[in-house]
Amino acid sequence: MKHALITGITGQDGSYLAELLLEKGYEVYGIWRRKANVDYGNIAHLRDRLHLIYADMTDPVSLLTAMRISQADEVYNLAAQSFVAASWDTPLNTAETDGIGVTNMLEAIRIVKPDARFYQASTSEMFGMVQEMPQTETTPFYPRSPYGCAKLYGHWITKNYRESYGMFACSGILFNHESERRGMEFVTRKISHAAARIRYGLQDCVELGNLSAKRDWGHSMDYVRAMWLMLQQDKPDDYVIATNETRTVREFAEQAFRAAGIPVIWEGEGIHEVGKNADTGKVIVKVNEAFFRPAEVDVLLGNPAKAEKQLGWKREISFAELVERMVRHDMALVQAER
């Protein structure tokens with residue numbers, strides 16, 4: 001039986017990956033941080049099937065202990081300060097966790113079990129001010145946030161450990177992927193939850209930032225499958241995981257309100273743009289400059305051709321289904337709250 005260690009196991013990707021590995025017969029270990037109040041997050045339904053270890057990406061000794069306990073054959077590093085906006089408020093913590101934390105994990109593997117296979121969660125935010133369209137594994141990086149910069153360090157240190165120590169270390173350059181388990185602070189979940197609350201009369205409108213920002217959105221369930229496939233190959237490599245489709249935040253909002261049964265019409269431009277309920281004329285979407293980034297990433301679009309060819313990976317959940325699943329989930333959540 002294979003052993004797997006997942007950092008960030010209580011998050012969106014960590015929970016879906018844990019489910020996938022359990023289905024495949026793995027013994028699954030997860031790293032989580034000690035809190036005053038125990039919070040299982042997205043793995044509450046799995047907690048009796050997992051081995052949870054208290055550790056922290058900024059504490060090398062705790063990671064060494066986690067490797068000794070788990071004796072992991074595969075390590076999936078999903079732990080991160082993953083909210084781009086917050087990285088401007090906590091740039092040093094983001095650097096320690098998302099950058100140096102990767103080195104701490106790689107060192108723990110190298111010392112305890114150097115034959116373990118390692119997956120690093122890289123991100124499309126490393127492309128930032130994009131240098132070519134679409135982005136591939138060879139596109140130059142130009143990060144535009146402390147988060148993107150920290151992740152770029154993690155990406156390159158993973159490549160260096162692979163080339164310097166012969167470790168089986170891969171990076172998945174994952175483009176935006178969402179789900180019903182996405183945190184409320186992320187714009188996609190903010191939209192889907194607001195659409196549900198507005199549908200049931202519990203909220204008047206939602207305030208958003210740059211409605212013209214374009215992203216390549218997929219579902220987390222498809223993307224964790226790609227993570228697993230990377231560690232099943234004969235040789236380690238890095239892969240872009242994306243849909244090769246781009247949508248604006250405005251389009252995401254339109255799709256979400258449509259799924260909630262609310263048609264939207266748009267008026268104005270830029271910071272003066274609003275979305276109105278086409279049936280009632282009420283404003284349900286407003287632009288708020290406070291939600292704009294200090295340095296904006298205008299468009300991200302990934303080409304997953306390499307992953308499709310070499311891994312046999314293909315996304316299965318469409319953009320429309322992704323948004324509809326999120327809205328259905330939040331509508332059920334809001335109904336339960338009522």
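Q71 to A332: FRET efficiency via 1/(1 + (r/R0)^6), r the Cβ-Cβ distance, R0 51 Å, to the nearest 0.05?
Numbers: r = 40 Å, r/R0 = 0.78.
In this case the efficiency is close to 0.80.
Placing a label point 7 Å from the Cα of V61 along the Cα-to-Cβ line, no residue of segment 84-113 has its backbone N under 15 Å from it. Most simply put, the chain has about 20% antiparallel DSSP beta bridges, counting only bridges with both residues inside it. Here the contact order of segment 61-152, divided by its residue count and restricted to Cα pairs under 8 Å and six or more residues apart, works out to 37 percent. For V240, the residues 5 or more places off, or on other chains, whose built amide H falls under 5 Å of its own are E137, I173, A307. Phi angles across segment 165-172 convert, under the Karplus curve 6.51 cos²θ - 1.76 cosθ + 1.60 with θ = phi - 60°, into 3J(HN,Hα) values of 10, x, 6, 7, 10, 10, 10, x Hz, Gly and Pro given as x. Could you list, in their original order, any pairs among K159/K214; K276/K314; K190/K282; K24/K151; K214/K286; K214/K276 whose Cα atoms are separated by more than 27 Å? With Cα atoms farther than 27 Å apart: K159/K214; K276/K314; K24/K151.
Can you give the Kirkwood hydrodynamic radius of the chain from its Cα pairs, in Å with one decimal? Walk me through the intermediate numbers first.
Values: mean 1/r = 0.0485 Å⁻¹.
After inverting the pairwise mean of 1/r, the radius is 20.6 Å.
Packing here is the average count of other Cβ atoms within 10 Å per residue, and on that basis the peptides 5-17, 242-254, highest first, run 5-17, 242-254.
Sequentially through segment 67-76, phi angles give Karplus couplings (6.51, -1.76, 1.60; θ = phi - 60°) of 5, 5, 5, 7, 6, 5, 7, 9, 10, 10 Hz, Gly and Pro residues having no value and appearing as x. Length gained on full extension, R49 to N244, computed as 0.36 nm times the residue gap minus the Cα-Cα distance: 66.6 nm.
Extending 7 Å from Cα along the Cβ direction at I271 and again at D89 yields two label points whose distance is 2.1 nm.
Taking the protein heavy atoms of segment 150-230 in the context of the full set of protein chains, the accessible area attributed to carbon and sulfur is 48 percent at 1.4 Å.
Return the Rg/Rh value of segment 242-292, two decimal places, where both radii are evaluated on C-alpha atoms and Rh is the Kirkwood radius. Write down the numbers at each step before the final one.
Details: Rg = 12.0 Å, Rh = 11.9 Å.
Here Rg/Rh amounts to 1.01.
Reported to the nearest whole Å, the Cα centre-to-centre distance from segment 210-271 to segment 309-332 is 9. Each Cα pair under 8 Å and six or more residues apart adds its sequence gap; the mean of these over the residue count of segment 242-338 is a relative contact order of 31 percent. Does anything in segment 298-330 have its amide N under 19 Å from the 7 Å Cα→Cβ label point of D279, and if so which residues? Zone members listed by number: 324, 327-330. Relative protection proxy for 191-199, 257-265, from highest mean packing down: 191-199, 257-265 (other beta-carbon atoms within 10 angstrom). Mind giving me the FRET efficiency for E251 and K309? R0 is 25 Å, r the Cβ-Cβ distance, nearest 0.05 is fine. So the FRET efficiency works out to roughly 0.30. On a per residue basis, segment 168-213 carries 31 Å² of accessible surface, using protein heavy atoms and a 1.4 Å probe. Near the amide H of F127, within less than 5 Å, lie the amide hydrogens of Y142, all on another chain or at least 5 residues away, with H placed in the peptide plane.
Given an 8 Å cut-off on Cα distances and at least 6 residues of separation, report the relative contact order of the chain as a percent. Intermediate values should be presented prior to the final figure.
Details: 697 pairs, mean separation 56.5, N = 338.
For the chain, the relative contact order is 17 percent.
Multiplying the residue separation of K35 and E23 by 0.36 nm and removing their Cα-Cα distance gives an extension gain of 1.4 nm.
The values are calculated or read from the model by the stated rules, or taken from the named source; none is laboratory data. All of these numbers come straight from a predicted model, not from anything done at the bench. Cβ coordinates were reconstructed from backbone atoms using ideal geometry, including for glycine residues, and neighbour counts include every protein chain displayed. To get the accessible areas, we keep the full protein, side chains included, count just its heavy atoms, and leave off ligands, DNA and RNA. Shrake-Rupley method; radii C 1.70, N 1.55, O 1.52, S 1.80 Å.
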